Amino acid sequence: MNKVLLPCLGVLALALACGGTVWADTIDDPLHGQCNGTGTGTCSDNGKNTPLGNSTTFGFTISPGPQTGDLIITLLVPNNEVIPLSFAIDFSNNTLAGTASLFSPTAWTSGNLASYFGISASPDNPIGAYLPTTQFLDPGATGFFAYVADIGTQFIPKGGGTGTFNIPTGFGADLGGYILGFCGVGCNGDTNPFVATANSGALVVNGNTPIPTPEPGSLLMLGAGLLGLTLLSGRRVFAA
């Protein structure tokens, strides 16, 4: 097993050090969050998440795109916060787009979001992709309450833009909260009925707090070291 594991770890570390996203994000047709904030790192996929910073609008892109499909917006609120019954989702021109209602009184605290919703989606969004960052911003959180709004058929661009919707009133104060999207009928879901948001493309409420990211230098050294050990072993990667 070590003959295969060592070079794989080396390649993964090198990929992360070069700014790549986690392999779990490399799927067909993922959604990625976009927003209009300014400042270092704001609205930029850092390989871990996409900070909202001072944004007032948000939206999604899709790859390959553009595509048109049924867009479902999901808001994740840390489960130690006071939660409202719902959030109004407005287009950036202040026209009501829909209402994000509480999915369940039981918070999402383990497993993946697709299973929590009882659907099949790609990626399935494991809680480990979000909770560590949330706990950095809000140490008392142990999970999320989820709010869901079916916005209906929407055009989803392949890139660019600053957002189609306003940040919901009150949501921007929930440090560690996330905005994600799912696209159903009309999107190119391949073997899955829902196209979900790439883990690193999820929009996180961070206010003025910088989000920690992997250290490229450390990961590069780790990858080089692991690769060197593999080469020094003199063994073939694949067994005959």
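The values are calculated or read from the model by the stated rules, or taken from the named source; none is laboratory data. Every value quoted in this text rests on a predicted model; they were computed, and no experiment measured them. Cβ coordinates were reconstructed from backbone atoms using ideal geometry, including for glycine residues, and neighbour counts include every protein chain displayed.
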Close pairs (7 angstrom Cβ cut-off, 6 or more residues apart or separate chains): closer than 13 Å to Ser120 by Cβ and surrounded by 23 or more Cβ atoms within 10 Å (Cβ to Cβ) in the stretch 176-189, among the hydroxyl-bearing types (Ser, Thr, Tyr) and modelled with pLDDT of 95 or more anywhere: Phe182/Thr74
Filter result (in a strand (DSSP E or B), farther than 22 Å from Asn94 by Cβ and not hydrophobic (A, V, I, L, M, F, W, C)) within the stretch 43-79: Thr50, Pro51, Thr61, Gln67, Thr68, Gly69, Asp70, Pro78
Test result for Ala15, buried (at least 17 other Cβ atoms within 10 Å of the Cβ), closer than 29 Å to Cys187 by Cβ and modelled with pLDDT of 95 or more: no
Residue in the stretch 132-146 that is surrounded by 16 or more Cβ atoms within 10 Å (Cβ to Cβ), closer than 22 Å to Gly69 by Cα and either β-branched (Val, Ile, Thr) or under 17 Å from the mean Cα position of the chain (by Cα) (or both) present: yes
Residue count for the stretch 105-124, restricted to those that are among the polar types (S, T, N, Q), closer than 15 Å to Gly184 by Cβ and in a loop (DSSP other than H, G, I, E, B): 1
Failed item, numbered, when Ser110 is tested on (1) surrounded by 16 or more Cβ atoms within 10 Å (Cβ to Cβ); (2) of a type in the set (Ser, Thr, Tyr); (3) touching a helix residue (DSSP H, G or I) at 6+ places or on another chain (Cβ under 7 Å): (1)
Scope the stretch 79-89; condition over 21 Å from the mean Cα position of the chain (by Cα) and under 21 Å from Cys35 (Cβ atoms); matching residues: Ala88
Leu71 vs. criteria in contact with a Gly (Cβ under 9 Å, 6 or more places away or on another chain), more than 26 Å from Pro132 (Cα to Cα) and either modelled with pLDDT of 95 or more or surrounded by fewer than 20 Cβ atoms within 10 Å (Cβ to Cβ) (or both): yes
Residues of the stretch 80-104 that turn out to be outside any strand (DSSP E or B) and closer than 9 Å to Ala146 by Cα, as a count: 2
Test: residue in the stretch 114-136 that is of a type in the set (Gly, Ala, Ser), within 24 Å of Asn36 (Cα to Cα) and touching a residue at least 12 places away in the same chain (Cβ under 8 Å): yes
